[in-house]
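Encoded as structure tokens, the structure appears first; notes follow it.
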Amino acid sequence: MKSIISTDQAPSAIGTYSQAVKVNNTVYLSGQIPLVPETMTVVEGGFAEQTEQVFKNLSAVCSAAGGSINDMVKVNIFMTDLSNFSIVNEIMATYFQQPYPARAAIQISKLPKDVEIEIDGVMELPNVD
């Protein structure tokens, strides 16, 4: 049985998808782009500010699902310029503790709303007995 995860602390879905879907203890998080939830506009600033906003949005969805960003086991990072990867590593280190999740980083030509980064992933909630 699947449960739909939704929070107003992250951007609302702008298409035919849910912020996240939970099946048993696994949560599949849709891609987050650097939208400010209150305004649904792209955060001001450059790549670092966009990356920070994406991690804030992911954290909010993880929390709404009953976990934390550190419960993520897989992260997919989509960037329009892989030369920004060191910035992603710096910011990611402020959100995640070891052991880090598995990760992929991919350069693509374009993202929604012409943002520079999008991240999705999978979270495994701890068993609560």
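What residue, of Ile4, Ile14, is at pLDDT below 95, surrounded by fewer than 15 Cβ atoms within 10 Å (Cβ to Cβ) and either under 24 Å from Leu125 (Cα atoms) or among the β-branched types (Val, Ile, Thr) (or both)?
Exactly one residue qualifies, and that residue is Ile14.
When the range 18-34 is filtered for residues that are without any contact (Cβ under 8 Å) to a residue 40 or more places away in the chain and within 15 Å of Ala64 (Cβ to Cβ), the ones remaining, listed by number, are Ser18, Val21. Exactly one residue out of Glu52, Glu90 is surrounded by 17 or more Cβ atoms within 10 Å (Cβ to Cβ), farther than 21 Å from Gly15 by Cα and out of contact with any Asp or Glu (no Cβ under 8 Å at 6 or more places or on another chain): that is Glu52. If the condition is being over 12 Å from the mean Cα position of the chain (by Cα) and touching a residue at least 12 places away in the same chain (Cβ under 8 Å), then the range 74-87 contributes Met79, Thr80, Asp81, Leu82, Asn84, Phe85, Ile87.
On the basis of being free of Cβ contacts under 8 Å to residues at least 12 places away in the same chain and within 27 Å of Ser3 (Cα to Cα), does Tyr95 make the cut?
No: the conditions fail for Tyr95.
Listed by first and then second residue, the pairs with beta-carbon distance under 6 Å, at least 6 apart or on different chains, first residue in the range 98-112 and over 13 Å from Gly31 (Cα atoms), second charged (D, E, K, R) and assigned to a strand (DSSP E or B), are Pro101/Lys74; Ala102/Lys74.
The values are calculated or read from the model by the stated rules, or taken from the named source; none is laboratory data. These numbers come from a predicted model, not from an experiment. All Cβ positions, glycine included, derive from the backbone under ideal geometry; neighbour counts span all protein chains shown.
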